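Novice: Okay, handing you the structure first.
The values are calculated or read from the model by the stated rules, or taken from the named source; none is laboratory data. Computed from a predicted structure; not experimentally measured. Quick reminder, even Gly has a Cβ in these numbers, built from the backbone with ideal geometry, and neighbours come from all protein chains shown. Calculation scope for accessible area: heavy atoms of the full protein, side chains included, ligands and nucleic acids excluded. Shrake-Rupley method; radii C 1.70, N 1.55, O 1.52, S 1.80 Å.
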Amino acid sequence: HAVAVVIQIQEGEQLPVDLLTFEGNNAVKEQELRERIDLREGGTYTPAAVDKARATITQTYHSKGYPDVRVEPSVERYEGNNGMHITFRITEGDAYKIGTILVRGNTLTREKIIHRNSKLYPNTPYNPEDVLESQQRLYATGLFNRVEIVTLQQNLPGIRNLLIQVEDAQPILVTYGIGYQEWERARGTIDVSHNNLFGLDRSISLRLRGSGRERLFQSTYREPKLFNHNLDGFASAYVEHTER
């Protein structure tokens with residue numbers, strides 16, 4: 001019981017990019033846009049390359065504080081040649097900078113820790129992609145159950161104020177276990193950790209393990225900004241007694 005599957009392919013012809021033009025770009029020079037995208041005149045035309053170029057142009061405008069930019073590509077046969085004429089029509093919208101950054105909802109975490117991990121700063125271009133990455137970074141700290149970054153609609157010309165709304169996670173975690181082993185007999189383990197010590201993203205953990213032949217006490221401390229630099233600092237101490 002076999003089935004033969006035949007896939008028939010009609011390749012057609014490869015079409016080059018004969019002409020590449022931009023319309024509506026006042027804030028960004030055409031030369032900069034050409035350098036950022038992978039499309040080149042004389043190169044091979046593919047719809048995927050056009051979509052990628054559109055995304056790159058949009059990201060370029062976002063990085064310069066144009067969150068409402070719209071980029072619409074159009075593709076047509078270039079008259080008199082066998083290639084394609086690609087035009088990107090750009091509606092830039094207004095430019096915005098970040099104004100005031102407010103923080104609400106933090107009952108355990110210090111506000112400066114939220115600002116530091118968000119990496120959003122006043123008087124910098126408002127980039128919606130940076131705002132999304134900031135939200136992801138705050139989640140990645142493990143300090144919050146919920147993070148929302150929203151724009152305050154205050155109709156300020158050229159300014160967008162931001163609100164970082166968070167919900168602190170439970171900082172203390174307790175885990176334990178019991179077991180039996182022929183040599184050690186009954187044994188037990190308990191771990192207690194605090195991952196937001198003093199609301200400063202510092203963590204400390206304690207581990208106790210004991211049995212008839214083994215006793216262990218271990219403590220580990222983590223400092224996320226060692227000497228106020230982007231260095232993780234760790235200190236660990238333990239006391240162990242084992243009979244062999």
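Novice: Which pairs do you get when a residue that is among the hydroxyl-bearing types (Ser, Thr, Tyr), found in region 164-182, comes within reach of a residue that is surrounded by 13 or more Cβ atoms within 10 Å (Cβ to Cβ) and in a strand (DSSP E or B), reach meaning Cβ atoms under 6 angstrom, with the pair 6+ apart or on two chains?
Specialist: Thr175/Asp191; Tyr176/Ile190
Novice: Considering every residue within region 75-85, establish whether at least one is within 27 Å of the chain's Cα centre (by Cα) and not charged (D, E, K, R). Walk me through it before giving the result.
Specialist: Of region 75-85, the ones within 27 Å of the chain's Cα centre (by Cα) are none.
Within region 75-85, none of the residues are within 27 Å of the chain's Cα centre (by Cα) and not charged (D, E, K, R).
Novice: Which ones in region 151-186 are within 18 Å of Thr124 (Cβ to Cβ) and among the small types (Gly, Ala, Ser)?
Specialist: Correct list: Gly158 only.
Novice: Could you identify the single residue in Val131, Val71, Val103 that is modelled with pLDDT of 95 or more, farther than 30 Å from Val166 by Cβ and surrounded by 14 or more Cβ atoms within 10 Å (Cβ to Cβ)?
Specialist: Values: Val131 fails: farther than 30 Å from Val166 by Cβ; Val103 fails: farther than 30 Å from Val166 by Cβ.
Checking each option against the conditions leaves just Val71.
Novice: Take Arg187 and tell me if it is at negative phi and either open to solvent by less than 80 Å² (accessible area, probe 1.4 Å) or under 31 Å from the mean Cα position of the chain (by Cα) (or both). Can you show your working first?
Specialist: Details: at negative phi: yes; either open to solvent by less than 80 Å² (accessible area, probe 1.4 Å) or under 31 Å from the mean Cα position of the chain (by Cα) (or both): no.
Considered against the rule, which asks whether it is at negative phi and either open to solvent by less than 80 Å² (accessible area, probe 1.4 Å) or under 31 Å from the mean Cα position of the chain (by Cα) (or both), Arg187 comes out as no.
Novice: Which of the following residues is out of contact with any His (no Cβ under 6 Å at 6 or more places or on another chain), under 26 Å from Thr124 (Cα atoms) and either without any contact (Cβ under 8 Å) to a residue 12 or more places away in the chain or polar (S, T, N, Q) (or both): Lys64, Lys29, Lys97?
Specialist: Working: Lys64 fails: either without any contact (Cβ under 8 Å) to a residue 12 or more places away in the chain or polar (S, T, N, Q) (or both); Lys97 fails: either without any contact (Cβ under 8 Å) to a residue 12 or more places away in the chain or polar (S, T, N, Q) (or both).
None of the other options fit; the residue is Lys29.
Novice: Now for a separate question. Looking at region 231-244, can you tell me whether even one residue there is open to solvent by 50 Å² or more (accessible area, probe 1.4 Å) and under 28 Å from Thr124 (Cα atoms)?
Specialist: There is at least one residue in region 231-244 that is open to solvent by 50 Å² or more (accessible area, probe 1.4 Å) and under 28 Å from Thr124 (Cα atoms).
Novice: Identify, please: which residue in region 1-24 is hydrophobic (A, V, I, L, M, F, W, C) and exposed (fewer than 14 other Cβ atoms within 10 Å of the Cβ) and is, among those, nearest to Thr44 (Cα to Cα)?
Specialist: So in region 1-24, the residues hydrophobic (A, V, I, L, M, F, W, C) come out as 2-7, 9, 15, 17, 19-20, 22.
Imposing the further condition that a residue be exposed (fewer than 14 other Cβ atoms within 10 Å of the Cβ) reduces the set to 2-7, 9.
Values: Ala2: 40, Val3: 37, Ala4: 34, Val5: 31, Val6: 28, Ile7: 25, Ile9: 19 Å.
Only one residue tops the list, namely Ile9.
Novice: Being assigned to a helix (DSSP H, G or I) and open to solvent by less than 80 Å² (accessible area, probe 1.4 Å) is the filter here; which residues of region 134-147 pass it?
Specialist: Quick first cut of region 134-147, residues assigned to a helix (DSSP H, G or I) only: 134-140.
Within region 134-147, Ser134, Gln135, Arg137, Leu138 qualify.
Novice: Any residue in region 152-171 that is open to solvent by 80 Å² or more (accessible area, probe 1.4 Å), under 30 Å from Leu197 (Cα atoms), outside any helix (DSSP H, G or I) and out of contact with any strand residue (DSSP E or B) (no Cβ under 7 Å at 6 or more places or on another chain)?
Specialist: yes
Novice: Something else about it: With the structure loaded, tell me whether Leu108 is open to solvent by 40 Å² or more (accessible area, probe 1.4 Å) and within 21 Å of Ser203 (Cα to Cα) or whether it fails that test. Don't jump to the end; show me each part of the working.
Specialist: Details: open to solvent by 40 Å² or more (accessible area, probe 1.4 Å): yes; within 21 Å of Ser203 (Cα to Cα): yes.
It is true that Leu108 is open to solvent by 40 Å² or more (accessible area, probe 1.4 Å) and within 21 Å of Ser203 (Cα to Cα).
A quick yes/no check of all residues on (1) free of Cβ contacts under 8 Å to residues at least 24 places away in the same chain; (2) in a strand (DSSP E or B); (3) open to solvent by less than 80 Å² (accessible area, probe 1.4 Å); (4) of a type outside the set (D, E, K, R):
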{"residue": "His194", "(1), (2), (3), (4)": "yes, yes, yes, yes"}
{"residue": "Leu206", "(1), (2), (3), (4)": "yes, yes, yes, yes"}
{"residue": "Arg215", "(1), (2), (3), (4)": "no, yes, no, no"}
{"residue": "Arg222", "(1), (2), (3), (4)": "yes, yes, yes, no"}
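Novice: Here's something else I'd like to know. What residue, of Glu148, Glu214, is within 30 Å of Asn127 (Cβ to Cβ), acidic (Asp, Glu) and at pLDDT 90 or above? First the steps, then the outcome.
Specialist: On the way: Glu214 fails: within 30 Å of Asn127 (Cβ to Cβ).
One residue alone meets the criteria, Glu148.
Novice: Sticking with this structure for a sec: Looking at this structure, is Arg215 among the charged types (D, E, K, R) and over 21 Å from Leu143 (Cβ atoms)? Break it down into steps so the answer makes sense when it comes.
Specialist: On the way: among the charged types (D, E, K, R): yes; over 21 Å from Leu143 (Cβ atoms): yes.
Spelling it out, Arg215 is indeed among the charged types (D, E, K, R) and over 21 Å from Leu143 (Cβ atoms).
Novice: Does Leu138 meet the test of being farther than 30 Å from Arg202 by Cα, under 22 Å from the mean Cα position of the chain (by Cα) and free of Cβ contacts under 8 Å to residues at least 60 places away in the same chain? Explain how you work it out, then say what you get.
Specialist: Details: farther than 30 Å from Arg202 by Cα: no; under 22 Å from the mean Cα position of the chain (by Cα): yes; free of Cβ contacts under 8 Å to residues at least 60 places away in the same chain: yes.
No; evaluated as a whole, the condition is false for this residue.
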